[in-house]
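What follows is calculated from the coordinates using simple rules that are stated; it is not laboratory data. Treat the numbers as computed from the prediction; the structure is a model and nothing was measured. Every residue, glycine as well, gets a Cβ built from its backbone with ideal geometry; the counts of neighbours run over all protein chains shown.
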Amino acid sequence: MKRIGLLAGAFLLSVTGCGSEEASFEPNVFSEKDMCVVKAENSKSRICYGDSREEAEAVAGNAGEEVTPNHVSYEKGIRVFYRNDQVAAIELLEGSAEQYRTARGAKVGMPREEMIQLYGDQHMDSPGSGFLDYFYDSENKKLLTDPMKDLPPGSQEDAEKIHLVSTKLDADEHAEYMMIMDRRWAMYMD
C-alpha cells in the first residue's frame, strides 16, 4: 500500500512539474508575462516591467555604469531604465545571450525566423525598418499591427498602456539588441 502511495506521489509530481510556475506562451498571444527577461540558468530570476529598482538589482546585481540616475548598465549586457524607481524599459545587448533571455526564450543573436516562431506573425508592419516589433494594448488585451490605425497620438499616460518587445535586426536578420518597454519610453525616453 505504501508503495502505491509513493508511485502516485511520483506521478503527481511529474505531471504538475513539482509546482513550477514556468510560463507557457503561444505565438500571437501576448500577456504581462511577456514583459520580463529571465536569467538563462534560472527562469525564476527575472526582471519585469514595473518591478521596483530594488527588485531589478536583486537579479541584475550592482550597477556597472549609471549613465543617468534612471539609466543603468549592468554586467552581462543588460540595461534597465527606471521611471519613478520602477522598471520602464529593459534592454538586452551584445554579451547578454548567455545570461539573459526574454520570458519566451528569445535572446540576442537569434535569427528573425526563430523570433517569429516564438512571438508569432502578428507583428507591427514596418517594412524595411530593420526592426521586429510586437505592440500590445494592455488595456484592451490585444496585439496591434497597423501603425496608422493602432498607434494614435495620445498622452504620456496613454502611452504607458501600450507595451512592446522590439528587436533590432542586423544585416543577417539576427537580433542585434532587444528592448522590452512601454510606448512612453519608446517615444519620450521617459
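Here are a few things to note about the model shown:
- Summed over qualifying helices (DSSP H, 4 residues or more, each -39500 (n - 2.57)) and divided by its residue number, the chain shows a 222 nm mean residue ellipticity of -6000 deg cm²/dmol.
- Think of the chain as a dipole: +1 on every Lys or Arg Cβ, -1 on every Asp or Glu Cβ, centred on the Cα centre; then among 74, 152, 24, 24 lies furthest on the positive end.
- Reachable lysines, given that their alpha-carbon falls under 20 Å from the alpha-carbon of residue 76 and they are not under 8 places away in the same chain: 39, 44, 107, 168
- Scalar couplings 3J(HN,Hα) for region 157-170, obtained by applying the Karplus form with A = 6.51, B = -1.76, C = 1.60 to θ = phi - 60°, are 5, 4, 5, 5, 7, 9, 9, 8, 10, 10, 10, 8, 9, 7 Hz; x denotes Gly and Pro.
- Long-range HN-HN contacts of residue 64 with modeled amide H, under 5 Å: 73, 74, 75
- Gaussian network model of the chain, springs between alpha carbon atoms under 10 Å - residue of 92, 132, 151 with greatest fluctuation: 151
- For region 75-190, the gyration tensor built on C-alpha atoms gives an oblate shape. Its axis ratio a/c (a ≥ b ≥ c) is at least 1.5, and a/b is not larger than b/c.
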